[in-house]
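*Asks:* This is the structure I have questions about; it appears just below.
The values are calculated or read from the model by the stated rules, or taken from the named source; none is laboratory data. Everything numeric here is computed off the predicted structure, so don't read it as measured data. Heads up, the Cβs are rebuilt from the backbone with ideal geometry, glycines too, and the neighbour counts pull from every protein chain shown.
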Protein chains: 2
Amino acid sequence: MKTRSRKKEIIDVASQLFKEKGYNAVSMRDIAQEMGIKAASLYNHITGKQEILSTIILDVAQKFTNGMNKVMMEKSSSILKIQKIIELHIGITINYSEGMATLNNDWMHLNDTDRKEFIKMREEYEESFRQIIKQGIKDQEIQARHPEVILFSILSTLRTLYLWYQKRGKLDANILKKDMVEVFLNGIVKNN
Amino acid sequence: MKTRSRKKEIIDVASQLFKEKGYNAVSMRDIAQEMGIKAASLYNHITGKQEILSTIILDVAQKFTNGMNKVMMEKSSSILKIQKIIELHIGITINYSEGMATLNNDWMHLNDTDRKEFIKMREEYEESFRQIIKQGIKDQEIQARHPEVILFSILSTLRTLYLWYQKRGKLDANILKKDMVEVFLNGIVKNN
DNA sequence: GTCTATAGGATGATAGAC
DNA sequence: GTCTATCATCCTATAGAC
């Protein structure tokens, strides 16, 4: 296996610590100690703590943007698109759960420029999702309820999947996807 | 109107700031400044920053425990109990959204004793919810899917309601409850 | 690429005057 | 109950030796 670059190693170690304690509760000394070096040495590979945060969050945000763009270009039903989005979230959560945690909890600590960029990406993502739901209602695939409630219910679950996945981790991703799709599409009530 | 005690005022101001920036990004000086006094003066009313955090989180956690205990004692169907839980979350979110944010994001910064107490309360709360779902499946009110997926889907949405409520705030609580109950109970698909 | 040393500032908290 | 003054500690980041 090729050895990771030192910079990537910093990002990985920091992601793990940020997930556990949050950005502000983790010091450069903590990150360095976990790597077995001194804090000053970190600055040979990165410009500062802010760069670590930006890299973690914007990388994950970009994966969501790319995934959503792909879904939007498909010519499938709204229901199928929503299934693809659920799949997208499960995939990213499995592979980047630390980044997901940091994105959710510490985006407000990004510097001005990166925070604005992040918020823009998030808003566009949500707007795409909203359009899919509205189209589904229009096409009579989705029940005519307040689109915001549908959007929020699904998105809040998907966003915090990382909390759940680490606990019940070994559940197969395909089973998780299947059950979650069914809960959201068909609800939980029997005999309806 | 009766003037709030100085201590309660500190808790309220801190809640708001913790919600916006997180526990570790808010200094005693920030809290004091918001109140128009000096940081040193805070210590006449509280023992320290940790006490503020514990008070905020354990107060909200207690409300959830009390509410869940009430639901558990009812002799109603599982579906009706779940509706009551959704109602409980919406009520607490509306009245204590700052505390909900801090409970969600900063519980890991509680001191050892209070953190253990919080985790215990949370686990008992989740276990009660799990029992309701399992009973519902047994009674054939709820579809026989993995109870953990149902539990997590509903709970993750309810836990982050505060994020949504502040944005779309003016939506009436009763409409929100009605729509959310329908999304979870019957899903979003039309003609199923 | 890592180290030691240190600058420069913020932090939680205390002592004691008023 | 609030203030000023201050302590001891921690923080991010830099300079310069090796």
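*Asks:* Which one is farthest from residue A:89 (Cα to Cα) among residues in region A:139-163 that are facing chain B (nearest Cβ under 7 Å) and among the acidic types (Asp, Glu)?
*Replies:* A:141
*Asks:* Hey, another quick one. Among the numbered criteria (1) within 15 Å of DNA strand D (Cβ to nearest atom); (2) assigned to a loop (DSSP other than H, G, I, E, B), which one does residue B:75 miss?
*Replies:* Checking residue B:75 against (1) within 15 Å of DNA strand D (Cβ to nearest atom); (2) assigned to a loop (DSSP other than H, G, I, E, B), the one that fails is (1).
*Asks:* May I ask you to list the residues in region B:177-190 that are facing chain A (nearest Cβ under 8 Å) and farther than 15 Å from residue A:156 by Cα? Outline the logic, then answer.
*Replies:* At the first step, the residues of region B:177-190 found to be facing chain A (nearest Cβ under 8 Å) are B:179-180, B:182-190.
Of everything in region B:177-190, those that are facing chain A (nearest Cβ under 8 Å) and farther than 15 Å from residue A:156 by Cα turn out to be B:179, B:182, B:185, B:186, B:187, B:188, B:189, B:190.
*Asks:* Then there's this: Only one of B:119, B:133 is surrounded by fewer than 17 Cβ atoms within 10 Å (Cβ to Cβ) and more than 7 Å from chain A (Cβ to nearest Cβ); which?
*Replies:* B:119
*Asks:* Of all residues in region A:46-64, which are surrounded by fewer than 16 Cβ atoms within 10 Å (Cβ to Cβ) and within 13 Å of DNA strand C (Cβ to nearest atom)?
*Replies:* A:48
*Asks:* Could you please find all residues in region B:74-84 being within 15 Å of residue B:175 (Cβ to Cβ) and away from chain A (no Cβ under 12 Å)?
*Replies:* Scanning region B:74-84 gives no hits.
*Asks:* So if I check each of B:41, B:76, which one is more than 12 Å from the chain's Cα centre (by Cα), within 16 Å of DNA strand C (Cβ to nearest atom) and free of Cβ contacts under 8 Å to residues at least 12 places away in the same chain?
*Replies:* Result: B:41 is the single residue among B:41, B:76 that is more than 12 Å from the chain's Cα centre (by Cα), within 16 Å of DNA strand C (Cβ to nearest atom) and free of Cβ contacts under 8 Å to residues at least 12 places away in the same chain.
*Asks:* Determine whether residue B:108 is in contact with a Leu (Cβ under 9 Å, 6 or more places away or on another chain) and not charged (D, E, K, R). Steps first, please.
*Replies:* Values: in contact with a Leu (Cβ under 9 Å, 6 or more places away or on another chain): no; not charged (D, E, K, R): yes.
No.
Yes/no per residue for (1) in contact with a His (Cβ under 9 Å, 6 or more places away or on another chain); (2) without any contact (Cβ under 8 Å) to a residue 40 or more places away in the chain; (3) within 16 Å of residue B:63 (Cβ to Cβ):
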| site | (1), (2), (3) |
| --- | --- |
| B:89 | no, no, yes |
| B:95 | no, yes, yes |
| B:103 | no, no, yes |
| B:111 | no, no, no |
| B:122 | no, no, yes |
| B:151 | no, yes, no |
| B:158 | yes, no, yes |
| B:162 | no, no, yes |
| B:188 | no, yes, no |
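*Asks:* Part of a helix (DSSP H, G or I), away from DNA strand C (no atom under 15 Å from the Cβ), modelled with pLDDT of 95 or more and surrounded by fewer than 19 Cβ atoms within 10 Å (Cβ to Cβ), is that true of residue A:20? Give the derivation first.
*Replies:* Details: part of a helix (DSSP H, G or I): yes; away from DNA strand C (no atom under 15 Å from the Cβ): yes; modelled with pLDDT of 95 or more: yes; surrounded by fewer than 19 Cβ atoms within 10 Å (Cβ to Cβ): yes.
Taking the combined requirement at face value, the residue satisfies it.
*Asks:* In region B:164-175, what count of residues is obtained for those that are more than 7 Å from chain A (Cβ to nearest Cβ) and either surrounded by 18 or more Cβ atoms within 10 Å (Cβ to Cβ) or part of a loop (DSSP other than H, G, I, E, B) (or both)?
*Replies:* 5
*Asks:* Filter region B:23-56 down to the residues that are β-branched (Val, Ile, Thr) and assigned to a helix (DSSP H, G or I), then identify the one that is farthest from DNA strand D (Cβ to nearest atom).
*Replies:* Taking the candidates together, the pick is B:56.
*Asks:* Scan region A:107-117 and tell me whether some residue there is under 16 Å from the mean Cα position of the chain (by Cα) and closer than 28 Å to residue A:172 by Cα.
*Replies:* no
*Asks:* Looking only at region A:158-169, decide whether some residue is farther than 27 Å from residue A:20 by Cα and at pLDDT 95 or above.
*Replies:* No, every residue in region A:158-169 fails to be farther than 27 Å from residue A:20 by Cα and at pLDDT 95 or above.
*Asks:* Just need a number here: residues in region A:95-119 that are under 20 Å from residue A:8 (Cα atoms) and part of a loop (DSSP other than H, G, I, E, B).
*Replies:* 2
*Asks:* Return the residues of region A:85-110 that are more than 14 Å from chain B (Cβ to nearest Cβ) and surrounded by fewer than 18 Cβ atoms within 10 Å (Cβ to Cβ); say none if nothing qualifies. It would help to see each step written out before you state the result.
*Replies:* Filtering region A:85-110 for residues more than 14 Å from chain B (Cβ to nearest Cβ) gives A:87-88, A:91-92, A:94-99.
Matches in region A:85-110: A:87, A:91, A:94, A:95.
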